[in-house]
Amino acid sequence: EDILWSESSDYRELLLSSHLYLNQELAEFYGQSIEGDKLKRVDFEKTERSGLITHPYLLSHFSYSYNSSPIHRGVFLIRQMLGRTLKPPPQAVAFENQKLDPGLSMREKITHVTKDSNCMVCHSIINSLGFSLENYDGIGRWRDIENNKKVDSLTQFETRSGKNIALRGSRDLAEFIANDPNAQKAFVQNLFEYMIKQPIQAYGENVVNVLHGHFIKSNFSCKKLIVEILCLASTKGIEPKES
């Protein structure tokens, strides 16, 4: 709410802000110190918190009950944040933690389970995004050590254009998503469909590009994007199908 209804309402801040709202009990849990039961803004180091993608609620949702889940986190990032599609797996492989070497880190376990060439068609992308968030445990707490091993969150990610970029943890990931035009368009589409309850393509093939252009001109103002979406949806209407 602070970011969305602020004067700038900057989409990029949703991904790059380094604060959380915590009370005393939650602050102690997440390594901070404040007093009182009311939620207060707590600023973290920029390397430790990067907006929505490192929010404990989201990190906890895409985790196992006992640890992080690079696969679940990676799939969410690809589909929802980057707007890319994934092919159905040629063969479903369950992650059976109890059958894996207990001395391995979560990254090592996922690497082992998905090493098959058929798996790596998609998991080369999924894993690279998920591994960049390995500094966060199953409930979103920062960690440098996991299973008595130093956490390795450095990955190589292949962009939609085929370029390989280095992601040195969550901050690099957040900066990439915040500034990537395709990720911005994914945000536009998700916001449109959340508000209008219709697929954006029904309003025209170029609607995403049109709204993205307004988004850029407004310096990525979420409030102004909301207005543009409402104006477009109320005046344009759904394009009729050709008979």
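The values are calculated or read from the model by the stated rules, or taken from the named source; none is laboratory data. No experiment lies behind these values; they were computed from the predicted model shown. Here Cβ is always computed from backbone atoms with ideal geometry, including for glycine, and neighbour counts include all displayed protein chains. SASA here: full protein model, heavy atoms, side chains in, ligands and nucleic acids out. Shrake-Rupley method; radii C 1.70, N 1.55, O 1.52, S 1.80 Å.
Applying the selection to region 128-137, what residues are over 18 Å from residue 177 (Cα atoms) and either out of contact with any Phe, Trp or Tyr (no Cβ under 8 Å at 6 or more places or on another chain) or open to solvent by 20 Å² or more (accessible area, probe 1.4 Å) (or both)?
Passing the criteria: only 137.
Taking residue 189 as the residue in question, decide whether it is in contact (Cβ under 8 Å) with a residue 40 or more places away in the chain and surrounded by fewer than 16 Cβ atoms within 10 Å (Cβ to Cβ).
no
Starting from residues that are in a loop (DSSP other than H, G, I, E, B) and of a type in the set (S, T, N, Q), keep the ones in region 148-178 and report whichever is surrounded by the most Cβ atoms within 10 Å (Cβ to Cβ).
The residue in question is 153.
So that you can scan it fast, the table gives a plain yes or no per residue for (1) within 28 Å of residue 71 (Cβ to Cβ); (2) among the polar types (S, T, N, Q); (3) touching a strand residue (DSSP E or B) at 6+ places or on another chain (Cβ under 7 Å); (4) at pLDDT below 95:
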residue: 16; (1), (2), (3), (4): yes, no, no, no
residue: 21; (1), (2), (3), (4): no, no, yes, no
residue: 24; (1), (2), (3), (4): no, yes, no, no
residue: 42; (1), (2), (3), (4): no, no, yes, no
residue: 53; (1), (2), (3), (4): yes, no, no, no
residue: 58; (1), (2), (3), (4): yes, no, no, no
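Mind listing whichever residues of region 192-205 are touching a residue at least 24 places away in the same chain (Cβ under 8 Å) and assigned to a loop (DSSP other than H, G, I, E, B)?
Once the filter is applied, which keeps residues that are touching a residue at least 24 places away in the same chain (Cβ under 8 Å) and assigned to a loop (DSSP other than H, G, I, E, B), region 192-205 yields 198, 204.
Residue by residue through region 28-47, note down the ones that are open to solvent by 40 Å² or more (accessible area, probe 1.4 Å) and either in contact with a Phe, Trp or Tyr (Cβ under 8 Å, 6 or more places away or on another chain) or part of a loop (DSSP other than H, G, I, E, B) (or both).
Within region 28-47, 31, 32, 33, 35, 37, 38, 39, 40, 41, 45, 46, 47 qualify.
Results for (1) more than 17 Å from the chain's Cα centre (by Cα); (2) free of Cβ contacts under 8 Å to residues at least 24 places away in the same chain; (3) assigned to a helix (DSSP H, G or I); (4) surrounded by 14 or more Cβ atoms within 10 Å (Cβ to Cβ), shown as yes or no for each residue.
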{"residue": "85", "(1), (2), (3), (4)": "no, yes, no, no"}
{"residue": "88", "(1), (2), (3), (4)": "yes, yes, no, no"}
{"residue": "92", "(1), (2), (3), (4)": "yes, yes, no, no"}
{"residue": "112", "(1), (2), (3), (4)": "yes, yes, yes, no"}
{"residue": "119", "(1), (2), (3), (4)": "yes, no, yes, yes"}
{"residue": "123", "(1), (2), (3), (4)": "no, no, yes, yes"}
{"residue": "126", "(1), (2), (3), (4)": "no, no, yes, yes"}
{"residue": "139", "(1), (2), (3), (4)": "no, no, no, yes"}
